[in-house]
Structures are given as structure tokens and as C-alpha cells.
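First the structure, in the form of C-alpha cells, and then the observations on it.
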Amino acid sequence: MSFVRFTPDDFVVSSDAISATAWTTGNPALTTFFTSSVQKEGSSGLYYLNIFDSAATSSIQFAIAYGNAVGSGSANFNNDVDGKSPTSTVYGQWQDLVIGDENTDFVFGSITGSEFFALTLERQCYKESLFLGSLTLTLTGASGSISLTDNSNYVTSVQYTGGGTRVFQLISGSAGNKAADVSLKNSEGYSANSGSYGWLLPDLGTVLLNPMALADFAVSGGIGLGYSGSYAWGTQVVVATASAAPTSSANISLFTAISASAAGGQTGFSINSQETITSDYVFVRPRSSEFNYSENPSFISGSTGEVLYSSFINNPQTYITTIGLYNDTNELLAVAKLSRPLSKNFTKEALVRVKLDF
């Protein structure tokens, strides 16, 4: 075994952004959606609804949660305290996480909204962040269907929320491209009266949907999204009492809108993940005068330490099979195996590139 100290010239650092489909199925689009009755009817069902890709798997793909500033859409924790319910809790949590201020509402386009749907991908799905321009989310309601994407291809500067995370507006379109037909929407791809269709938060793996833009107003490009009779998103008319529609009804409403689109042969939910792979390239340079002898018992005498074969004294023949990276205390940190033994003697030099991924 021989050692040589690396110099700064032997190291090169490289970073590459790698994108891949977000779903654990490996398919670009998620077209089958299932819920768990156990989760929905349990305590967590008051706050969110887990979505699976099949009825027989335990692999969660994303979750749906509905947040409302005044607590509408779910029963109060305490009937003597109005406006404090699971939906208000969800709203406040996302205020703190995204905006960083519990007194500031969400602004979709130029319209302030006091409610939203949050579609949060499972952590293993979105990895480092969501890949901009890859989103296509198709929703179907009583008034028709709409496909949504982010506007990252149409902005010249990145917008950040008060919480320090990147935010992009949701527009009518697919795969980062604005829809050609904007007759019911404005030129930016927003709804005509209710602002953008929501936010894409790529660093949080989340799509926030603006219920007002998806409500049943034909002139604004909505799809008639709603639940339990006459309730229309954005009206704030549901009183948060024990008799009010439970949070699960709101989440099921959106779940139905997503699954109905996929069942109709449309895209469903398509989005890619992105992660930055940082690699250290280490260049190992066995020069002609180095690494020509071995401590292998077949090479030297175990008792005297002499070379067993006289022909190897001046003309040794060795084979490099493994490269180890050690620290100054002689601790092995990494091992690189060559695909085949590398012949080495005084007449040969080599250059071996070792790639370390982090």
C-alpha cells in the first residue's frame, strides 16, 4: 500500500441540476388517485387528506389541506370561541411558514385571498425543489375543466414571500406555457375577477390554489368548484359550527376535481422534481516512479521483506485495483474500485478520475 498527498490542483468541484418525475410511480403524470378512509376519518382528517396512487399501496403522493382565515368550513374547537377551527389553524400555519406574518393575507395576482387549498407533495417526491415549468394540474368542476401551470416562463425576476421562499403565480395553461384561449381570463392567464389561480412554492413542494378563482363564476374562468349545496368558495358564508360541512368535505371537493379530470382522460397531476448534485472530482495521478511495488504477500517475503522474484527488483509489475481516500489521521474516508486492474510499472503513468457525489 502506498500513499501520496493530494494537492489543490487534484480537486475539481462540479454542481449539476437533475430533474426527474416527482411521483414514486416513475410516471410523469399521476392519473389515479385514492384516499384512505382510516386517515380521513381519523383526527388528522380534520386538517388534511392524504392522496395515494393506488388502493393497494401505502405510498403517499401528496396531501390536500384547506385553510380559511375565519375558520369557515369546519367546526369550532370550542363553540364559545368563534373562528378557531382546523381550517383557521391550517391557514395560520401557512401564514407563518410562507409569509412569515400572521397578520398578512395571501395575494393571488393582485387579489387578496383569505382562503386556499394546499397541495403538498410527499417529501421524498419533490426532493430539493419542484422543477419550474413542469406543472400541469387539470381540475374538473360543475362548469368545466381547466389546466393550471406556473408562470415562471413569463417573469423577469423571481418573487419571494416574507418567509423567504420563492413564489410563482398559477395561470391557465400547461407545462409552463400559457393557454392560447384566454377569453374567460385576462392576458396574464389569471381569472378575470379573482386574480391568479394560486401559487407555486417550489422550495416547499407545494401548490396553493385560490378557491375564488376556481368558483362557479363563468365570466372569471372558474370551473364551479364547491361542496355541500350552495356554498361557493370566497363567499365566507359557512358558519363554523358543529352542523357546518366538515373540513373533509372541502378536501374531498378538490380531490374529486382532480380525480375527475384524470378519469376523463386528461393530464391529471404532472410535475417534476429537481435536485442539485454536487460532485467532487479527484484526479489520481500514479506517476512512472510511484506505485510500482506492492506489500502483497505474493510480491515480497513475509519474513524478510525482500522481493521474491529478482526480475521484479528493477522491473516490477503491479496492478492497481483500488484507490482509497484517507485523512491526515490515516482514516479511510472513501473507496473507489476500478472496473478492471490497471497495469503499472516504471514505464507507465496513469490518470484516474474519481467522482464523489454528495
Highest mean first, how do 290-298, 345-353, 9-17 rank when packing is the count of other Cβ atoms within 10 Å averaged over residues?
290-298, 345-353, 9-17
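May I ask you to list the chymotrypsin sites (Phe, Trp or Tyr not before Pro) in region 54-147 that are in a DSSP loop and have at most 16 other Cβ atoms within 10 Å of their Cβ? Before the final figure, lay out each step's value.
Numbers: sites: PHE62, TYR66, PHE77, TYR91, TRP94, PHE106, PHE108, PHE116, PHE117, TYR126, PHE131; in loops: PHE77, PHE131.
Of the chymotrypsin sites (Phe, Trp or Tyr not before Pro), the ones in loops of region 54-147 whose Cβ has at most 16 other Cβ atoms within 10 Å are PHE77.
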Quick one: what are the phi-derived ³J(HN,Hα) couplings along region 35-41, Karplus 6.51/-1.76/1.60 with θ = phi - 60°, whole Hz, x for glycine and proline?
10, 10, 5, 5, 5, 4, 8
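Could you check how much of the accessible area of region 274-358 is carbon and sulfur, as a whole percent, using a 1.4 Å probe? Each step should come with its number before you reach the end.
Details: 2910 of 5840 Å².
Percent of accessible area from carbon and sulfur atoms in region 274-358: 50.
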For region 154-166, what does the Karplus curve 6.51 cos²θ - 1.76 cosθ + 1.60, with θ = phi - 60°, yield as ³J(HN,Hα) per residue in whole Hz, taken in order and with x for Gly and Pro?
10, 10, 9, 9, 7, 9, 10, 7, x, x, x, 9, 5
Alpha carbon centre of region 1-66 versus region 107-154: separation in Å?
17 Å
If you take the beta carbon distance between LEU97 and SER187 as r and set R0 to 25 Å, what does 1/(1 + (r/R0)^6) give as a FRET efficiency, to the nearest 0.05?
0.20
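Could you provide, to the nearest whole Å², the per residue accessible area of the chain with probe 1.4 Å? Before the final figure, lay out each step's value.
Values: 17700 Å² over 358 residues.
Here the residues of the chain average 49 Å² of exposed surface.
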Amide N proximity, region 298-329 versus ASP10 label position 7 Å along Cα-to-Cβ, cut-off under 18 Å:
320-329
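Give, in nm to one decimal, the length gained when the segment between VAL354 and VAL155 is fully stretched (0.36 nm per residue of separation minus the Cα-Cα distance).
Numbers: separation 199, 0.36 × 199 = 71.64 nm, distance 4.00 nm.
Result: 67.6 nm gained on full extension.
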What list of ³J(HN,Hα) couplings, whole Hz, do you get for region 74-90 from phi and the Karplus terms 6.51, -1.76, 1.60, once you set θ to phi - 60° and write x for glycine and proline?
8, 6, 5, 4, 9, 5, 8, 10, 6, x, 10, 8, x, 5, 6, 5, 4
Which residues qualify? For GLY205, with a placed amide H closer than 5 Å and at least 5 residues away or on another chain, they are LEU130
Net +/- balance of residues flanking VAL13 in space, Cβ distance below 15 Å, scoring K and R +1, D and E -1:
-3
Rounded to a whole %, the carbon-and-sulfur portion of the accessible area of region 130-216 at a 1.4 Å probe is 47 percent
If R₀ is 25 angstrom, what is the calculated FRET efficiency for the pair LYS84 and VAL38, using the beta carbon separation as r and rounding to 0.05?
0.40
Taking only Cα atoms of the chain, radius of gyration then Dmax in Å
29.6, 97
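The values are calculated or read from the model by the stated rules, or taken from the named source; none is laboratory data. Note that the structure is a prediction, hence the values are computed from the model and not measured. All Cβ positions, glycine included, derive from the backbone under ideal geometry; neighbour counts span all protein chains shown. For the accessible areas, the whole protein counts, side chains as well, though only heavy atoms, and no ligand, DNA or RNA atoms are used. Shrake-Rupley method; radii C 1.70, N 1.55, O 1.52, S 1.80 Å.
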